[in-house]
Amino acid sequence: MIHRAAIKVQSLSRSYLDSFSFTGLVFATLFFCGSITPSLLPRPYVVQGILSGFSLAIGYVVGVLATWGWSFLELPQPGSTLARRSKQICVTLVSIVFALSIWYATEWQNSIRMLMEMPPLQSTAPIHFFLIALLVAFILVSIARWMIRFGASLSNLLQKYLPRRIAISISTVCVLLLGLMVGNGVIARGLLNAADRFFLQADLLIDDGIEQPTLDLACGSEQSLVDWEAIGRRGKDFIGGGPRAEEIERLSGRPSKRPIRVYVGMRTDEDEQARATLALEELKREGAFDRKILVVATPTGTGWLDESAVDTVEYLHRGDTAIVSMQYSYLPSWITILVDPSRSKRSASALFDQVYAYWTTLPKEERPRLYLFGLSLGSYGCEDAADLMETFQDPIQGAVWSGPPFPSRQWASIVSSRNAGTPIWLPTFRDESMVRFTSQQNSLETQKRWGPIRNVYIQHASDPMVWFSPSLAWHQPQWLSEPRGPDVSPGLRWYPIVTFLQIAFDLPMATSVPLGYGHNYSPSSYIDAWVAVTQPEGWSKSDLDKLRERFATPTEDVQPPIPDFDPSSIPSELDSEPTEPMYRLQITAEGELYRNGELISRSAVIDDLRGFPDVSEVHVVVDGDPTVTVKTVVGLQKNLGKEVPNHGPFTYSVTRDSDELSSGGDASIIRSEENRKE
């Protein structure tokens, strides 16, 4: 009995495997191999498995459709001998490609991680993500097969009344429409409702340390026009956070004011115009129009305003600022942009129109300078709010936009009209008097003159929110042309459909990387942008360095400059006492770092050097231009008495009390001319 059951199971398994299209399996394997190659961001093995599963399934469908198309057009079929030999050659070649892809999977992922100052992986767990990919592909292919059987049944029914090809065409269209209706109306809607419920509950939470303001002239207080309970989680973080006047004064050394922050949540009122009117009235109540700087900020999809952006402008203007914002969603930007991106535009326009209309009634010499700010979907929402054709008689002073998402029309128009010879990830536009772009390195300090309106876009070459596009499925993007961005893996190649899937799967992980990469924009970039746009007074280069240090470390204490490295000053392991106390250690070198024949990361260098007496911090200096990929550090072990090559002038600084998976605020490239040595 058991023997018969085993034979039957074996027979069914063989029959099931034989039912697969050979061409479909070839395409599926090639799509799988393509999905393992680098994209814009590093991927954990679970995400890699899901991505590869979708690639397997879609590749199989492409192969099956190619076979059907060949048969549908009644093209000649190869003979049995040619078919057999072709299959053998194809299996051999595809197997080699598959083996090489698995072999290089870890190296490909590390090529991204090292660019983003993340520790390298020992392994990408290929068995794990391969099994996940098979499971995902099995589910998707099973659904597709059910739809195909349904289409075949419908076609056979229609062939009783219609010619064969017309019946097949009609049944195919019906199946595709049914799939779209079920996928969009049932599956997608169900997932969206689940996400909606989850993020709604998250919006009701209050983070630790956030309390209702007690100051009368504060948004959300008992005397405020805005109900504290209706503000929302991210709005409460914004209102309850930020620097105090004494903190600003301590860093700047000059008298400072308490920054004004106004935020109106979605639950305050369902009508956008009503929320905008309430925000304006609250601004008036708090005296916002008596400040020097007024920023109309559009938040991300969750309602979040990046503290790196809002805190820095408040420091730069010593608290003489007012920032107003209005929530339009509690879903993440990558979901909102797929569901209803117009929410951000409606909200941004409603708020700006209210503020601008009142602002224009005030005497020009007495009113604040007016600016726009938007991050991610907020950038998309507010970039059209101050329409130049409507505000040209009394224009605002400028805007800072970071991480503009791919549907942004104004950004796309500027980028497509960029000056010849400039890369799409860091373009220049006309004479740069009105719009400039910057990235990890400050590109705003040019010799060209600014006009009366100053607009700055901050964008990273590794940000999938910026560079995703449906056209990736059939067209190679310009951002993959040379020269590439400094944070884009040299191993990233464009493959039809596959690259589209890779960047689409990067979207939910856009903020999973350290600051300064992906969709995480660093305080230093915001400081550069706000300085260029708002022209704060009384800030020297050393003052700005102090401000960057304030946001680059968890403490407000500004550390003294890093001394030059002298190898002879490093104590030997045989020394019983250090020759002198050392608080910092700077090493300038080039090349790759190996220990016991294995490539290791910067964190391993730091751990080694921390073994020396009285070394509290380690600073590793990387050689080369910032646009050049630098993998690791130097062939250097504990016998540091040997001469270390010094090639400056760029310093990569990592403090001992942090790791490379932190927010990244403690990791930056610092131009240091004194480190140069011929």
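The values are calculated or read from the model by the stated rules, or taken from the named source; none is laboratory data. These numbers were taken from a predicted model, which means no experiment stands behind them. Neighbour counts are summed over all protein chains in view; Cβ atoms, including those assigned to glycine, are modelled from backbone coordinates with ideal geometry.
The figures follow:
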item	result
Residue under evaluation LEU377, criteria (1) in contact with a Gly (Cβ under 6 Å, 6 or more places away or on another chain); (2) surrounded by fewer than 20 Cβ atoms within 10 Å (Cβ to Cβ), criterion not met	(2)
Meets criteria (part of a helix (DSSP H, G or I) and either at pLDDT below 95 or in contact with a helix residue (DSSP H, G or I) (Cβ under 6 Å, 6 or more places away or on another chain) (or both)) for SER123	no
Selection count, region 371-390, where residues are outside any loop (DSSP other than H, G, I, E, B), over 12 Å from TYR328 (Cβ atoms) and of a type outside the set (D, E, K, R)	7
Index of the failed condition, ASP394 passing every other in (1) assigned to a loop (DSSP other than H, G, I, E, B); (2) of a type outside the set (S, T, N, Q); (3) without any contact (Cβ under 8 Å) to a residue 60 or more places away in the chain; (4) crowded, with 20+ Cβ neighbours inside 10 Å	(4)
Close pairs (6 angstrom Cβ cut-off, 6 or more residues apart or separate chains): not assigned by TED's automatic domain parsing to the domain that holds PRO407 in region 325-344, of a type outside the set (A, V, I, L, M) anywhere	none
Selection status of VAL355, touching a residue at least 12 places away in the same chain (Cβ under 8 Å), hydrophobic (A, V, I, L, M, F, W, C) and not in a strand (DSSP E or B)	yes
Qualifying residues in region 319-366 (those that are farther than 22 Å from PRO259 by Cα and aliphatic (A, V, I, L, M)) - the one surrounded by the fewest Cβ atoms within 10 Å (Cβ to Cβ)	ALA357
Answer from GLY265, GLY220, GLY241 - the residue that is within 23 Å of ASP320 (Cβ to Cβ), assigned by TED's automatic domain parsing to the domain that holds VAL313, in contact (Cβ under 8 Å) with a residue 12 or more places away in the chain and under 32 Å from the mean Cα position of the chain (by Cα)	GLY241
Filter result for SER155 (surrounded by 11 or more Cβ atoms within 10 Å (Cβ to Cβ), not assigned by TED's automatic domain parsing to the domain that holds ALA461 and not charged (D, E, K, R))	yes
Residue that is modelled with the lowest pLDDT, among those in region 72-92 that are among the charged types (D, E, K, R) and assigned to a helix (DSSP H, G or I)	ARG84
Residues of region 245-259 satisfying the condition of being small (Gly, Ala, Ser) and in a loop (DSSP other than H, G, I, E, B)	GLY253, SER256
Hits in region 521-576 - residues which are out of contact with any Phe, Trp or Tyr (no Cβ under 9 Å at 6 or more places or on another chain), aliphatic (A, V, I, L, M) and either in a loop (DSSP other than H, G, I, E, B) or modelled with pLDDT under 80 (or both)	VAL558, ILE562, LEU574
Check on TYR495, in the same structural domain as ILE424 (by TED's automatic domain parsing) and either charged (D, E, K, R) or out of contact with any Cys (no Cβ under 6 Å at 6 or more places or on another chain) (or both)	no
Selection from region 224-244 of residues that are touching a helix residue (DSSP H, G or I) at 6+ places or on another chain (Cβ under 9 Å) and outside any helix (DSSP H, G or I)	SER224, LEU225, VAL226, ASP227, ILE231, GLY232, GLY241, GLY242, PRO243
Members of region 248-262 found to be among the aliphatic types (A, V, I, L, M) and surrounded by fewer than 20 Cβ atoms within 10 Å (Cβ to Cβ), listed by number	LEU251
